[in-house]
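Novice: Got a structure for you, written out below as structure tokens; questions coming shortly.
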Amino acid sequence: MNRITNFFYKIRSKIAFFPSVISFAGLMLAFFMIYLEQIDVSAYLMDVAPGLVIDNTDTAKTLLSTLIGGLISLTVFSFSMVMVLLNQASSNFSPRVLPGIISNQKHQVVLGQYIATILYNIFILVSIEPTENKYQTPGFSVLIGIILTVLCLASFIYFIHNISQAIQVGNILTNIHKKTKTAIVSIIKEQKENSFDFPQTEHWEKYTVNRVGYFYGILKDNLIDICKQQETKVTIELFKGQFILDGTVGIISEKPLSKKVEIEIMETLLFSREELVGENYIYGFRQISEIGVKAMSPGINDPGTALNTIDYLTSLFLVLMKKSDFEYIHDKEGTNWARIKCVKFSEVLYNVMATYRQYCKHDITVMRKLMHMLHTLTSHVINSNQMKDIEIEIEQLNIDAKIGIENKRDLSKIDVDFISWS
């Protein structure tokens, strides 16, 4: 990733990106149709296919005015539905899932189609000039406006269906799981194709970050170019998802760096205020666990959703276990020029388990599901450290179960294989 691709990625995730692009296309289409009307395209079509051309100026104006008013109402209603969707997602699941919903391209395309059609009809309406010559009426352009409006109505039906699906917790969990798994698998694939060769860093030069925010990534192409020019290797001492304060040690360099080069390397570090799963797989674990814990709150009381979140977390942990503790940035020849610290499997597992144990220790079904997840992970461990981490979590889960569950029969079943009854 370089600065251009990063800039495009950031603006593409904004809710106004696709509506703006499509609206501009609608504007250009209006100007193109006005140009065609100036060379009498409607007059030609009147001779060839008169049924396709509206040759009455008053009728054309009335139609376009009606279409514009109807589309504006449709647009306002659709935007209102998006706001309701975001409010429900924030209240029922987690505020951190909002960036993923906002960046849904399908919703943006539909809203952009509405605005583009409105702009098209407005400019065609303005282009109609009162005249006694019936062929001055842009009849063909009006027909295009009608067709675009019909397409907007079809898109509205699709929009209603899609937005009703987007608010369902199963679809939200599926999307988060898919993006998180894709991000982890991509890292693992790079690990298999690349070596772990990297020098020791005990006596390297340390440099601090002068920015504040959540670190989420690196402009890899730019960093490699700088390292090659300076003939030095660096280690990024920041974890993805970590909140960085001014003065935090950010990089360690194999060779001393000038102030200019230091600034250039610091500018390759990316910071954000949003939690987009595609940028950092840790956000996926956090969002899924937050949805599960929120489901167990007294106001929602939905243990079924909590059980579903544990299923998705189990799948993600099985993939995470295959990832190493470091990520490497390499060139086309396979030479590692930079190394990034990653959150270890043990830390991710602890954070997830600590959250569930605190808020779900009174529910035997959820506790059994968590125990089932841990036992499943034990059969897929890569090394002895992972087995030790899982065994510690099993022990802690048993301790919390004894505190939160008083029924002895329930406690006796905490280690029994979990079989879903739903």
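Novice: Checking residue 201 against (1) of a type outside the set (Lys, Arg); (2) in a loop (DSSP other than H, G, I, E, B); (3) in contact with a Phe, Trp or Tyr (Cβ under 8 Å, 6 or more places away or on another chain), which test does it fail?
Specialist: Looking at each condition in turn, residue 201 falls short on (3).
Novice: Then there is this: Whether any residue in the stretch 79-87 is over 21 Å from the mean Cα position of the chain (by Cα), more than 30 Å from residue 176 (Cβ to Cβ) and modelled with pLDDT under 85 is what I want to check.
Specialist: No, there is no match, as no residue in the stretch 79-87 is over 21 Å from the mean Cα position of the chain (by Cα), more than 30 Å from residue 176 (Cβ to Cβ) and modelled with pLDDT under 85.
Novice: Mind listing whichever residues of the stretch 250-274 are within 17 Å of residue 214 (Cβ to Cβ) and exposed (fewer than 13 other Cβ atoms within 10 Å of the Cβ)?
Specialist: 273 - this is the single residue of the stretch 250-274 that is within 17 Å of residue 214 (Cβ to Cβ) and exposed (fewer than 13 other Cβ atoms within 10 Å of the Cβ).
Novice: Let me spell it out: the conditions are (1) within 29 Å of the chain's Cα centre (by Cα); (2) modelled with pLDDT under 90; (3) surrounded by fewer than 17 Cβ atoms within 10 Å (Cβ to Cβ), and residue 407 meets all of them except one. Which number is the exception?
Specialist: Condition not satisfied by residue 407: (1).
Novice: Let me ask another. Could you list, in sequence order, all residues of the stretch 187-214 that are surrounded by 12 or more Cβ atoms within 10 Å (Cβ to Cβ) and among the hydroxyl-bearing types (Ser, Thr, Tyr)?
Specialist: 201, 207, 208, 214 - these are the residues of the stretch 187-214 that are surrounded by 12 or more Cβ atoms within 10 Å (Cβ to Cβ) and among the hydroxyl-bearing types (Ser, Thr, Tyr).
Novice: Write out, first by first residue and then by second, each pair whose Cβ atoms fall under 7 Å of each other, whose residues are 6+ apart or on separate chains, and whose first residue, in the stretch 367-385, is in contact (Cβ under 8 Å) with a residue 40 or more places away in the chain while the second is part of a loop (DSSP other than H, G, I, E, B) and acidic (Asp, Glu).
Specialist: 371/415; 372/417
Novice: Looking only at strands (runs of 3 or more DSSP E) that fall completely inside the stretch 218-317, which ones have 1 or more residues that are assigned by TED's automatic domain parsing to the domain that holds residue 93?
Specialist: Answer list for the stretch 218-317: none.
Novice: Of these, 143, 238, 219, which one is more than 30 Å from residue 316 (Cα to Cα) and hydrophobic (A, V, I, L, M, F, W, C)?
Specialist: The conditions single out 143.
Quick grid of which residues meet (1) touching an Asp or Glu at 6+ places or on another chain (Cβ under 8 Å); (2) at pLDDT below 90; (3) basic (Lys, Arg):
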| position | (1), (2), (3) |
| --- | --- |
| 323 | no, yes, yes |
| 328 | yes, yes, no |
| 335 | no, yes, no |
| 352 | no, no, no |
| 359 | no, yes, no |
| 362 | no, yes, no |
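Novice: Just to check your reading of the model, which residue among 93, 31, 7 is at pLDDT 80 or above, assigned by TED's automatic domain parsing to the domain that holds residue 129 and either farther than 19 Å from residue 158 by Cβ or of a type in the set (Gly, Ala, Ser) (or both)?
Specialist: 31
Novice: Which residues, counting only those in the stretch 283-294, are at pLDDT 85 or above and of a type outside the set (Lys, Arg)?
Specialist: Within the stretch 283-294, 284, 285, 287, 288, 289, 290, 291, 292, 293 meet the criteria.
The values are calculated or read from the model by the stated rules, or taken from the named source; none is laboratory data. Nothing here was measured: the structure is a model prediction, and the numbers come from that model. Backbone-built Cβ (ideal geometry, glycine too); neighbour counts: all protein chains shown.
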